[in-house]
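The values are calculated or read from the model by the stated rules, or taken from the named source; none is laboratory data. What you see is a predicted model; the values in this text were computed from it and never measured. Because the Cβ atoms are built from the backbone with ideal geometry, glycine has one as well, and the counts that use them run over all protein chains shown.
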Amino acid sequence: MDIKNTENIADQNKKPVYSGNSIMVRPNGPLICKGDSDITLQDEDARIIAKDKEFALCRCGLSKNKPFCDGSHKTMKEDMPQLFNDAREEDISGYDGDLVITVKANAMYSLHGPVTIFSRDGLSKTTRTKAALCRCGHSENKPFCDARHKQSGFTA
Ligand code: FES
């Protein structure tokens, strides 16, 4: 096997990486948030929960350390898919700026700022300046919120 082929195989096994702000949707796992500069994670009263270049947010609703992932998704019985479609994709090429994620009480993550959202396998990808992502684990349109947090009685 020549060196070129070896490199191609390595590339196929690599998960995608995007510059700027990105959120990787892990299959049956958390939302991995990464930024070239700090991402602000705040509550709905704008109190800072974290400001960091990387953190993992719970999307199964089971973490005992919400909004962060604590590995509780491993106890889930249903699958949480990584693949998605997004009819509301936006062109973010003209946008430059930080990402702010607001943790809404008993509801979703509300995103403001340019961000690339993608599945770990790279087959799904969208770009947004605003989005609502599910953190209760009940949406049927994951990773997006579809308001099922209301009927499921999610509290956090
Ligand atoms: S937070 Fe899960 S459906 Fe809204």
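What residue, among those in the range 105-139 that are part of a loop (DSSP other than H, G, I, E, B), more than 8 Å from the ligand (Cβ to nearest atom) and in contact with a Lys or Arg (Cβ under 9 Å, 6 or more places away or on another chain), is farthest from Cys69 (Cα to Cα)? Residue satisfying both the conditions and the ranking: Gly122. Suppose we filter the range 63-79 for residues that are modelled with pLDDT of 95 or more and in a loop (DSSP other than H, G, I, E, B); how many remain? Of the residues in that region, 8 qualify. Considering the range 100-128, the residues that are aliphatic (A, V, I, L, M) and within 12 Å of the chain's Cα centre (by Cα) include one that is farthest from Asp38 (Cα to Cα), namely Met108. Might you let me know whether the range 137-156 holds any residue that is closer than 15 Å to Asn21 by Cα and not charged (D, E, K, R)? No: zero hits. Summed over the range 90-104, residues that are touching a strand residue (DSSP E or B) at 6+ places or on another chain (Cβ under 6 Å) and either away from the ligand (no atom under 16 Å from the Cβ) or in a loop (DSSP other than H, G, I, E, B) (or both) total 8. Within the range 90-109, track down each residue that is of a type in the set (Ser, Thr, Tyr) and without any contact (Cβ under 8 Å) to a residue 24 or more places away in the chain. Correct list: Ser93 only. Each residue in the range 43-62 was checked for being outside any strand (DSSP E or B) and not charged (D, E, K, R), and 5 of them qualify.
Could you list, in sequence order, all residues of the range 51-62 that are under 15 Å from the mean Cα position of the chain (by Cα), surrounded by fewer than 21 Cβ atoms within 10 Å (Cβ to Cβ) and closer than 12 Å to Gly29 by Cβ? Across the range 51-62, the qualifying residue is only Ala56.
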